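Here, each number is a calculation from the coordinates, and none is a lab measurement. Fair warning: this is a prediction, and the values are worked out from it, not measured in the lab. Note: ideal-geometry Cβ built from the backbone for every residue, glycine included; neighbour counts use all protein chains shown.
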Amino acid sequence: SEILRKAAEEVAYVVSGRGRAEVDGRRFELEPGSALLIPPGAQGSFHSMDALELVLVVSPPMRSVEDVEPAPGHAPPASTNETLEQPLPAGDDRSFKLLIDPRHGARNVTQFAGFIERSHAPLHVHTYEEAIYILEGQGIVHVDGRREPIRAGSSIFLPPGTPHCLENASAGVLRLLGVFSPPGSPAGKQDAEPER
């Protein structure tokens, strides 16, 4: 499928399958765990070789569907794979791996893979907006005094300052893909008032 020129930064993550991306004349091989930065104004295409399933996040959202010119001075497309990144702590029972962030030229987002052991962390808030996609496992998201079940394929959007926590209710690790804006550290949080 074609990558349309947008006046926004995009990040892609390969959930399953294999393929390749061609972005502004550069070729990237894609496999599970691959992460890709698509700069504003970039053009190209995705090619599936084996049932390629992608999660694509656009930040900031497109304001129009008109063609745009490449952003002057923006970094070129970049790629990494979750298996190449080192785990970083985000609490006693949580860790994350940074995927696409300012190190790769991203100006508006940080993309990361998160890992939650069987636990229920306290409610907390972030100063950034966050989109979460559950890659593996089952759990419960606690947000705005509600408890909602989550599982592989679930999506969650959290505006800045929203008290929330993710609880792993499965025997294995709850694995997630997170993207937030503006960029920063997934470990950056503030405790929130307890649920009543």
Across the range 131-176, the tally of residues that are over 18 Å from GLY91 (Cβ atoms), assigned to a strand (DSSP E or B) and small (Gly, Ala, Ser) stands at 2
Condition set farther than 24 Å from VAL14 by Cα and exposed (fewer than 13 other Cβ atoms within 10 Å of the Cβ), scope the range 121-160, selection nearest to the chain's Cα centre (by Cα): answer is PRO159
- Message: Criterion first (over 18 Å from the mean Cα position of the chain (by Cα), closer than 25 Å to SER181 by Cα and β-branched (Val, Ile, Thr)) does VAL11 satisfy it?
- Response: no
Checked pairs for the range 93-116, first of a type in the set (Asp, Glu), second buried (at least 22 other Cβ atoms within 10 Å of the Cβ), C-beta under 6 Å and 6 or more apart or across chains, list as ASP101/THR110
SER155 meets each of (1) in contact with a Phe, Trp or Tyr (Cβ under 8 Å, 6 or more places away or on another chain); (2) in contact (Cβ under 8 Å) with a residue 40 or more places away in the chain with one exception, condition (2)
| Residue check for ILE100: within 30 Å of LEU30 (Cβ to Cβ), assigned to a loop (DSSP other than H, G, I, E, B) and of a type in the set (Val, Ile, Thr) | yes
